1. Could you check the stretch 4-25 and list, in sequence order, the residues that are in contact with a helix residue (DSSP H, G or I) (Cβ under 7 Å, 6 or more places away or on another chain) and at pLDDT below 80?
2. Which pairs do you get when a residue that is surrounded by fewer than 11 Cβ atoms within 10 Å (Cβ to Cβ), found in the stretch 12-40, comes within reach of a residue that is in a loop (DSSP other than H, G, I, E, B), reach meaning Cβ atoms under 7 angstrom, with the pair 6+ apart or on two chains?
Amino acid sequence: MADFPQWYVAVTDDKLRGSALRAQDPSQTPDLPHDVEDRGKDDGDGELTFYPERYAKTYYPLARGN
């Protein structure tokens, strides 16, 4: 099994936080928080998919900023 680097970027800017959450594939993401705009047709919205899928549950709270 190959070793892959892991990284974490704290999302503290509200604009970036919304972008990070909207980027996640809707099938892997719970509903967006009430203060984040819905996904639109912008490039990247809904296009970020995690493999294996369980990693999406790890990313979501990091992107929310909590």
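The values are calculated or read from the model by the stated rules, or taken from the named source; none is laboratory data. This structure is a prediction, so every number in the text was calculated from the model and none was measured. Cβ placement follows ideal geometry from the backbone for every residue including glycine, while neighbour counts extend to all protein chains displayed.
1. Taking the stretch 4-25 first, the residues in contact with a helix residue (DSSP H, G or I) (Cβ under 7 Å, 6 or more places away or on another chain) are 8, 11, 17, 20-21, 24.
If the condition is that a residue be in contact with a helix residue (DSSP H, G or I) (Cβ under 7 Å, 6 or more places away or on another chain) and at pLDDT below 80, then Y8, V11 are the ones that fit.
2. T12/G65; D38/L32
A quick yes/no check of all residues on (1) in contact with a helix residue (DSSP H, G or I) (Cβ under 8 Å, 6 or more places away or on another chain); (2) hydroxyl-bearing (S, T, Y); (3) modelled with pLDDT under 90:
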{"residue": "S27", "(1), (2), (3)": "no, yes, no"}
{"residue": "P30", "(1), (2), (3)": "yes, no, yes"}
{"residue": "V36", "(1), (2), (3)": "yes, no, yes"}
{"residue": "D42", "(1), (2), (3)": "yes, no, yes"}
{"residue": "G46", "(1), (2), (3)": "yes, no, no"}
{"residue": "F50", "(1), (2), (3)": "yes, no, yes"}
{"residue": "Y55", "(1), (2), (3)": "no, yes, yes"}
{"residue": "T58", "(1), (2), (3)": "no, yes, yes"}
{"residue": "P61", "(1), (2), (3)": "no, no, yes"}
